[in-house]
Structures are given as C-alpha cells and as structure tokens.
Amino acid sequence: MTEQETTVAGTAVVDSRVTAPSVPAPEGVLARLRARLPEFTGALQRVAELVLSDPAGAARATIVELAERSGTSPATVTRFCRALGFEGYADLRLGIAGETGRAARSAGWSVDIGREIQPTDPLDRVLQQIIAADTRALADTAAMLDLTALERAADALAASRRIDLYGIGGSGLVGAEMQLCLHRIGLAAWSWTDLHNGLASAALLGSGDVAIGVSHSGQTRETIEVLAEAGSHGATTVALTSIPRSPLAEIADVVLIHAMQPTAFRTDALSGRHPQLVVLDLLYIAVAQRTHDRSHAAFQATARAVAGHWAAKEEGE
C-alpha cells in the first residue's frame with residue numbers, strides 16, 4: 001500500500017468531512033489502529049499490539065523505549081507511524097496522549113483505559129473497566145462512522161420493498177433487534193441466522209431490496225456468502241463491521257464501521273455489541289425520519305395492538 005493510499009483509506013474510515021488527510025486528527029487513533037491491526041505483520045504488528053495493550057505507556061515512552069519494549073527498532077516504529085498517516089513518532093504520541101486523556105476524563109473514574117480485568121479484581125473495579133471500555137468504544141465509533149455512508153443506507157432502506165438482515169451468533173442477535181425495530185414502523189424486514197434459510201431468502205431479493213450483513217470481524221463465512229448471494233441478485237448490500245478492509249466490507253455496496261474495546265473475559269463479539277447497536281439505532285432513526293408519516297402511523301398501530309397486555313396501574317400510583 002502506498003503512502004497516498006494509506007492516507008485516503010484512513011480519511012474514509014475516520015470522517016468523511018476531513019479535508020486535510022496528511023495528518024490524522026487525534027480522535028479515533030486507537031480505533032483506527034485496532035481496525036487496521038489485521039493488516040500488520042511481523043515487527044509492525046508487535047508495535048501495534050504493544051500500543052494497543054498500553055496506550056498510556058506508549059504515549060509516555062520515547063521512540064527508543066517503544067522499540068525496545070516491542071523488540072523492534074526505532075526505524076520500525078517510524079514506519080509504523082507513517083503507515084498510520086503520521087509524519088513521525090511525536091505526532092503519534094500526541095494523538096494517543098490526547099485520546100487516552102479524554103477517555104479517562106469522560107469515564108469519570110480513575111481507570112487505566114488499557115488495563116485488563118484481572119481474576120482478583122473486585123466487582124466495583126470490573127464495573128469501572130467495563131464502563132470505561134464501552135465509553136471508549138462508543139466515542140471511537142462516533143469519530144470513525146461515515147455519516148454519508150449511513151445516509152446512503154438509510155435512503156435505500158426507506159425506499160426498499162424488502163429487507164434482509166444476516167448474522168451468526170451474537171451478530172445474529174444484533175440483526176434480530178434491528179429487524180424488530182424496522183418491522184415496528186411498517187417495513188418488511190426479516191432476520192436470518194441460518195445459512196440455508198438465509199441463502200434461500202437472499203435468492204429471492206432483487207433491485208430495490210436491501211440486505212444487511214452484521215459481523216464484527218467481517219470474516220464470518222456464512223454472513224459473507226449470504227450477503228454476496230443477495231448482491232448477485234441486485235439487492236443493495238450493507239456491511240456492519242469493525243474491520244474496514246475485511247472480506248465482508250469488500251463485497252458490500254455500503255460499509256458502516258464500528259469500534260470495539262475488548263477486555264479480559266469479554267469476547268470481541270460482546271465488546272462490539274453496544275457500538276453495533278448504536279450504529280443500527282442511528283440507522284433506524286434515519287429511516288424513520290425519511291418515512292415519518294408511514295412510520296408514525298405504524299408505530300401507533302402496533303402500540304395499540306399490544307397495549308391491552310400491559311399491566312394496569314393501581315389507582316393512585
């Protein structure tokens with residue numbers, strides 16, 4: 001990948017409104033690094049993993065210290081910085097320091113954002129780490145989400161004849177939640193977690209339909225296969241993933257990127273659940289805005305249909 005390609009890719013992922021891509025804005029530095037981690041190999045990967053495991057320590061270290069800790073060389077650290085779009089190590093340190101400082105302040109606790117949960121940690125400490133990690137992941141998602149791409153997806157959904165959502169495991173739960181939201185406002189939406197059923201449904205889609213594939217890694221074979229099937233029949237395809245250059249993202253017409261902040265005892269899928277839901281919640285609201293009259297009427301009708309099953313309040317409550 002050339003330096004120009006790195007810059008362009010970084011700008012597209014971080015913020016579609018950025019106009020000076022030569023030096024990335026400090027917001028979302030760690031999120032971009034996590035998203036690009038699968039691209040790094042060898043010495044560059046060791047530097048990346050060290051920075052992600054202890055971002056505050058990396059911000060305090062000199063280039064020589066970081067090279068020694070990662071078992072590489074200052075020249076490798078410099079190449080790592082340039083791969084991320086920075087001119088040198090000083091710019092990277094400033095970006096990480098600013099980001100970790102803001103994260104610690106916004107968390108409201110004295111928490112080391114990069115610290116892993118230990119088996120002996122008391123529950124109050126675990127709670128603080130989970131909240132801090134999720135807060136960081138949500139902030140990173142807001143910084144890196146391409147709102148222009150989300151508007152394209154919302155336009156396609158609002159005008160669609162039919163919507164399919166595909167996901168396996170935890171991603172299937174996220175897709176099912178989105179299906180319920182869309183169905184509640186009168187859109188014909190289905191959620192599929194089985195490969196055979198998903199393929200059968202995708203084969204019946206066509207132009208004017210939308211298919212959404214959810215996979216935090218973007219490498220789930222079943223989701224990739226079903227989304228590709230839907231696209232081959234003319235449906236607009238949308239990928240929701242944390243890896244912008246993943247196989248799922250490469251086959252989709254529209255790519256929505258979310259961040260995640262994994263911690264010990266929480267799988268990647270679980271740590272990405274809240275950011276995924278936030279992106280889909282924003283997408284759902286954007287669709288409801290575009291179909292306001294129809295959505296409002298459908299929402300009122302569905303509310304009336306289930307109102308009789310709500311527990312009645314006692315008089316005086």
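The values are calculated or read from the model by the stated rules, or taken from the named source; none is laboratory data. What you see is a predicted model, and the numbers here were worked out from it, not measured in a lab. Counting neighbours? That spans all protein chains shown, and the Cβs are built from the backbone with ideal geometry, glycine included.
Would you check if residue 125 is crowded, with 16+ Cβ neighbours inside 10 Å and either at pLDDT below 95 or more than 20 Å from residue 294 (Cβ to Cβ) (or both)? Taking the combined requirement at face value, the residue does not satisfy it.
Taking only region 157-167 into account, find how many residues are closer than 24 Å to residue 217 by Cα and over 17 Å from the mean Cα position of the chain (by Cα).
Residues of region 157-167 that are closer than 24 Å to residue 217 by Cα, as a first pass: 157, 163-167.
Next cut, over 17 Å from the mean Cα position of the chain (by Cα) only: 157, 163-164.
The number of residues fulfilling the criteria is 3.
Residues that are in a strand (DSSP E or B) and not small (Gly, Ala, Ser) within region 189-226 comprise 190, 192, 210, 212, 214, listed in sequence order. Look at region 237-248: where a residue is closer than 21 Å to residue 281 by Cβ and a partner is of a type in the set (Val, Ile, Thr) and part of a loop (DSSP other than H, G, I, E, B), sitting 6+ places away or on another chain with Cβ atoms under 9 Å, you get 248/220. Each residue in region 38-68 was checked for being outside any loop (DSSP other than H, G, I, E, B), over 26 Å from residue 242 (Cβ atoms) and modelled with pLDDT under 90, and 1 of them qualify. Only one entry in 30, 94 is touching a residue at least 40 places away in the same chain (Cβ under 8 Å), part of a helix (DSSP H, G or I) and more than 26 Å from residue 246 (Cβ to Cβ), namely 94.
The rows are residues; the columns are (1) over 16 Å from the mean Cα position of the chain (by Cα); (2) buried (at least 18 other Cβ atoms within 10 Å of the Cβ); (3) not assigned by TED's automatic domain parsing to the domain that holds residue 273.
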residue: 169; (1), (2), (3): yes, no, no
residue: 172; (1), (2), (3): no, yes, no
residue: 175; (1), (2), (3): no, yes, no
residue: 184; (1), (2), (3): yes, no, no
residue: 189; (1), (2), (3): yes, yes, no
residue: 195; (1), (2), (3): yes, no, no
residue: 204; (1), (2), (3): yes, no, no
residue: 215; (1), (2), (3): no, yes, no
residue: 220; (1), (2), (3): no, yes, no
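Please find, among 145, 157, the residue that is buried (at least 19 other Cβ atoms within 10 Å of the Cβ), in contact with a strand residue (DSSP E or B) (Cβ under 6 Å, 6 or more places away or on another chain) and of a type outside the set (Gly, Ala, Ser). Lay out the reasoning, then the answer.
Details: 145 fails: in contact with a strand residue (DSSP E or B) (Cβ under 6 Å, 6 or more places away or on another chain).
The unique qualifying residue is 157.
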